[in-house]
Amino acid sequence: MKDINEVIGFIGAGNMATALISGLVNSKHDPSRIIASSPEEEHLKKLSDEYGINTTHNNLEILELADVVILAVKPNIIRSVLEEIRGKTFQKEHLFISIAAGIKIEKLESLLNKSARVIRAMPNTPASIREGVTAISPNKNAKPLDIKNAKLLFESVGVVAEIKERDIDIFTALIGSGPAYVFYIIESLLESSESLELSKEEKINLLASMIAGSANLAKKVKDSPESLRRKVTSPGGVTQSAIEEFEINNLKNLIKKSMKVAEKKSIELGEG
């Protein structure tokens with residue numbers, strides 16, 4: 001994959017920043033062209049030790065050195081971070097990529113500058129093993145090269161889709177938060193496997209492999225998920241009994257309702 005020529009700076013060094021940095025380094029992006037800032041010394045030391053990137057406690061140093069600035073902070077502190085760097089941001093022609101959940105482009109522009117080049121992105125945590133899924137949504141100031149670079153950055157850690165900003169909240173609910181739902185299913189199946197005489201590690205491996213294999217099958221064949229499900233479900237069989245219990249308890253509608261609640265929460269975060 002073609003590399004990004006620009007220096008990439010991360011403001012924030014939490015889980016998602018670490019996932020992206022890990023993916024970038026594992027895809028051969030030069031660690032000397034990555035810098036991250038955080039008030040947490042432990043986070044910075046881990047990034048420096050494990051990936052060989054540059055680190056700093058000073059957010060303004062990110063602006064001095066980086067061409068692409070990734071805003072990897074929690075939504076509740078993004079205002080204070082951007083107020084700190086506002087007025088210092090245009091000594092270079094920065095591209096700002098925000099991965100703060102729920103924070104709209106309009107808000108980012110108001111906290112930076114109306115002429116700022118901004119891309120809002122929503123990656124998920126499997127980016128850490130280069131199997132992530134990311135949505136990107138550029139503002140009107142973003143240049144074609146900005147969009148290309150954003151795609152290259154996130155393609156280094158998985159699959160990328162360019163979507164309209166109005167769709168990001170439902171994308172966040174479905175896919176940004178999606179890995180947690182899968183882990184919850186594995187957790188539930190694991191708790192259901194007490195009578196299976198295997199180690200916990202073996203059970204997790206089998207369950208995770210079953211989910212990964214099923215997901216890959218859904219990707220590689222033309223059959224719909226419903227059709228694939230029906231092929232596994234023999235009338236009167238074991239699978240049918242479980243599916244019927246799902247239906248009795250209205251599991252599908254519960255999932256739909258949960259996605260609406262998550263989408264609403266994403267919208268609320270953006271309006272807060």
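Selection of first residues in the stretch 142-161 that are at positive phi and of second residues that are open to solvent by 30 Å² or more (accessible area, probe 1.4 Å) and basic (Lys, Arg), restricted to Cβ pairs under 7 Å at least 6 apart or on distinct chains, gives the following pairs, ordered by first then second residue: GLY158/ARG130. In the stretch 57-68, how many residues are surrounded by 15 or more Cβ atoms within 10 Å (Cβ to Cβ) and not in a helix (DSSP H, G or I)? Total meeting the criteria: 3.
In the set GLY237, GLY213, GLY176, only one residue is surrounded by 11 or more Cβ atoms within 10 Å (Cβ to Cβ) and modelled with pLDDT of 95 or more; that residue is GLY237. Listed conditions (1) assigned to a helix (DSSP H, G or I); (2) within 30 Å of ASP30 (Cα to Cα); (3) open to solvent by 30 Å² or more (accessible area, probe 1.4 Å) are all met by LEU189, apart from (2).
Might you let me know whether the stretch 213-234 holds any residue that is within 30 Å of LYS74 (Cβ to Cβ) and part of a helix (DSSP H, G or I)? Scanning the stretch 213-234 turns up at least one residue that is within 30 Å of LYS74 (Cβ to Cβ) and part of a helix (DSSP H, G or I). Every test in (1) more than 15 Å from the chain's Cα centre (by Cα); (2) over 22 Å from LEU269 (Cα atoms); (3) surrounded by 15 or more Cβ atoms within 10 Å (Cβ to Cβ) is passed by GLU201 save one, and that test is (3).
Looking at ASN149, ASN141, just one residue is more than 16 Å from GLY176 (Cβ to Cβ), open to solvent by 10 Å² or more (accessible area, probe 1.4 Å) and either of a type in the set (Phe, Trp, Tyr) or modelled with pLDDT of 95 or more (or both), and that residue is ASN141. Look at (1) surrounded by fewer than 19 Cβ atoms within 10 Å (Cβ to Cβ); (2) within 24 Å of ILE4 (Cα to Cα); (3) of a type outside the set (Phe, Trp, Tyr) and you find that LEU71 fails only one, number (1). Among the numbered conditions (1) more than 17 Å from GLU131 (Cα to Cα); (2) open to solvent by 50 Å² or more (accessible area, probe 1.4 Å); (3) without any contact (Cβ under 8 Å) to a residue 60 or more places away in the chain, the only one that GLU165 does not meet is (3).
Yes/no per residue for (1) touching a Gly at 6+ places or on another chain (Cβ under 7 Å); (2) on the phi < 0 side of the Ramachandran plot; (3) among the basic types (Lys, Arg); (4) free of Cβ contacts under 8 Å to residues at least 40 places away in the same chain:
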position	(1), (2), (3), (4)
ILE4	no, yes, no, no
SER32	no, yes, no, yes
LYS45	no, yes, yes, yes
ILE62	yes, yes, no, no
ARG79	no, yes, yes, yes
GLU93	no, yes, no, yes
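The values are calculated or read from the model by the stated rules, or taken from the named source; none is laboratory data. Predicted model, so just to flag it, every value in this text is computed and none were measured. Ideal geometry is used to build each Cβ from the backbone, glycine not excepted, and the neighbour counts take in all protein chains shown. All accessible areas refer to the heavy atoms of the entire protein, side chains included, with ligands and DNA or RNA removed. Shrake-Rupley method; radii C 1.70, N 1.55, O 1.52, S 1.80 Å.
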